[in-house]
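**Q** Questions regarding the structure given below will be posed in turn.
Every read-out reported here was derived from the displayed coordinates using simple, explicitly stated rules and does not represent laboratory data. Just so it is clear, the model here is predicted, and its values are computed rather than measured. Reconstructed Cβ throughout: ideal geometry from the backbone, glycine too, with neighbour counts over all protein chains shown.
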Amino acid sequence: MKIIHTSAELKHWFKEHKIRPMNDLGFVPTMGALHVGHASLIARATKECEKVIVSILVNPTQFNEKGDLDSYPRNLEEDAIIAKEAGCDVIFAPSPEDLYGGEPSAELVDWGDVTNEFEGKSRPGHFDGVIAVVDKFFQVISPKRAYFGAKDLQQVAVVYKMAQIRHPSVEVVECDLVRDSEGLALSSRNSRLSKKGLKMALELSLALRKVKDTVATGMPVMQSVNESREALKALSELEIEYFDGVNNLSFSSSDKSENWTHIIVAAWVEGVRLIDNIRL
Ligand code: PAF
């Protein structure tokens with residue numbers, strides 16, 4: 001496995017390996033701090049593509065708070081071990097300036113509810129940054145397939161839309177959300193939680209599971225969502241931003257419950273913002 005730090009070096013690697021746009025190239029974008037969830041994306045890409053590139057860049061344009069950007073875990077050596085074991089051929093870890101071709105910036109993108117509701121509302125500018133960086137990576141790499149984890153469900157919808165508009169030849173592949181043995185959705189942010197915080201975080205996935213189970217046994221989904229939201233709100237160590245049903249393509253808060261495909265949640269635990277979701 002090779003580690004490449006500049007776009008020019010990557011172009012050279014493409015030439016060396018006779019890789020042309022739309023060759024069977026798989027791309028897994030990450031911000032590092034790789035865990036089993038990322039490894040599963042890389043492993044899937046390895047199965048489905050001839051060569052796999054994993055990007056590692058803590059993208060400054062998608063952070064709302066400088067503190068969050070500064071404290072984001074960075075450890076290229078550990079990441080390289082995980083990526084290599086999962087079958088990655090190249091880690092592409094450019095500086096923001098190299099990828100953006102200068103000072104990183106993101107233009108405002110308004111694609112309606114999918115960019116403006118839920119995460120779009122809670123984290124203004126976040127999707128502008130995600131769209132900007134993924135667009136840049138797609139331009140430099142020209143992958144055939146790009147793999148994204150379903151934990152960031154709205155991000156998948158946003159990137160899918162971006163690819164449709166700007167990179168129609170790239171197939172956006174949504175990969176299953178990965179949980180630990182207790183059911184906690186894997187996230188690089190979990191490493192910032194204490195033992196007690198991890199226990200509280202688990203309440204989120206338990207609440208999602210409860211909605212799925214009660215709906216399966218006949219409870220109206222709206223009633224079940226409302227009950228679980230209230231139960232979560234009663235927990236003083238959790239601060240709930242939203243707990244709602246959505247359609248995974250529209251992300252409109254006014255979608256009728258019969259069109260909901262998922263229940264999504266965002267909450268703060270010990271100063272760490274966590275998101276999770278479950279398919280109904
Ligand atoms: O999901 C992430 O880790 C990031 O949002 C992504 C897609 C790598 C863009 O920086």
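**Q** Using the Cα atoms of region 81-186, I'd like the radius of gyration and the largest Cα-Cα distance, Dmax, both in angstrom.
**A** 15.0, 44
**Q** Considering the zone a paramagnetic label at R192 would reach in this model (a point 7 Å from Cα along the Cα-to-Cβ line), which residues of region 243-280 have amide N under 12 Å from it?
**A** 268-275, by backbone N distance to the label point.
**Q** Now a separate question. Could you give the size of the charge dipole of region 152-242 about its Cα centre, using +1 on the Cβ of each K and R and -1 on the Cβ of each D and E, expressed in debye and rounded to the nearest 20?
**A** 180 debye
**Q** Can I ask one more? Starting from the exponent 0.38 and prefactor 2.2 Å, build the expected Rg for region 114-160 from its residue count and divide its actual Cα Rg by it.
**A** 1.17
**Q** By counting other Cβ atoms within 10 Å of each Cβ, how are L198, L25 ranked from fewest to most?
**A** Exposure proxy ranking, most exposed first: L198, L25.
**Q** Can you compute the helix-only [θ] at 222 nm over the chain? Use -39500 (n - 2.57) per DSSP H run of at least 4 residues, normalise by all residues, nearest 500 deg cm²/dmol.
**A** -12500 deg cm²/dmol
**Q** Lys/Arg Cβ at +1, Asp/Glu Cβ at -1, dipole of region 214-274 taken about the Cα centre: which of S252, Q223, V272 is farthest positive-ward?
**A** Going by the Cα projections, it comes out as S252.
**Q** Can you give the local net charge around D110? Use residues other than it whose beta-carbon is closer than 14 angstrom to its beta-carbon, Lys and Arg +1, Asp and Glu -1.
**A** -2
**Q** Put +1 on the Cβ of every Lys and Arg and -1 on every Asp and Glu Cβ in region 48-135; which of N116, F63, C49 then has its Cα farthest towards the positive end of the dipole?
**A** F63
**Q** Quick one: angle between helix 76-86 and the longest Cα principal axis of the chain, in degrees between 0 and 90, rounded to 10, please.
**A** In the chain, helix 76-86 runs at an angle near 90 degrees to the longest axis.
**Q** Report, ordered by chain and residue number, the lysines lying within cross-link reach of K212, taken as a straight Cα distance under 23 Å and ignoring same-chain residues fewer than 8 apart.
**A** K151, K199, K233, K256
**Q** Within straight cross-link reach of K47, meaning Cα distance under 12 Å, which aspartates and glutamates are found once same-chain residues fewer than 8 apart are removed?
**A** D24
**Q** How much net charge surrounds P220 when only other residues with a Cβ under 11 Å from its Cβ are counted (Lys, Arg +1; Asp, Glu -1)?
**A** Here the charged neighbours net out to -2.
**Q** Sticking with this one: If each residue's Cβ is checked for other Cβ atoms within 10 Å, how do S253, S169, S236 rank with the fewest at the top?
**A** Ordered by Cβ neighbours within 10 Å, fewest first: S236, S169, S253.
**Q** Moving on to the next point. Compute the angle between helix 195-216 and the longest alpha-carbon principal axis of the chain, please, reported from 0 to 90 degrees and rounded to the nearest 10.
**A** Result, in degrees: 70.
**Q** Same structure, new question: In region 265-280, which residues have a backbone nitrogen under 17 Å from the label point lying 7 Å from N64's Cα in the Cα-to-Cβ direction?
**A** Of the residues in region 265-280, 265-276 have backbone N under 17 Å from the label point off N64.
**Q** I've got another one for you. PRE reach from S105 (point 7 Å along Cα→Cβ): which of region 150-179 fall under 13 Å by backbone N?
**A** none
**Q** Working from the pairwise distances between different alpha carbons, so that the mean of 1/r is found and then inverted, what is the chain's Kirkwood radius in Å?
**A** This gives a value of 19.6 Å.
**Q** Right, something else. Using Cβ counts within 10 Å as a stand-in for footprinting exposure, how do K195, K136, K47 rank, fewest first?
**A** The most exposed by this proxy come first: K195, K47, K136.
**Q** Normalised by the number of residues in region 218-280, what is the relative contact order in percent for Cα pairs under 8 Å and 6+ residues apart?
**A** Answer for region 218-280 is 28 percent.
**Q** Then there's this: Using only the alpha-carbon atoms, how far is helix 153-166 inclined from the longest principal axis of the chain? Give it as 0 to 90 degrees, nearest 10.
**A** So the inclination is approximately 40 degrees.
**Q** Among bridges DSSP assigns within the chain, what percent are antiparallel (round to 5)?
**A** 45 percent
**Q** What relative contact order, as a whole-number percentage, does the chain give when Cα pairs under 8 Å and 6 or more residues apart are counted?
**A** Once divided by the residue count of the chain, the mean separation gives 18 percent.
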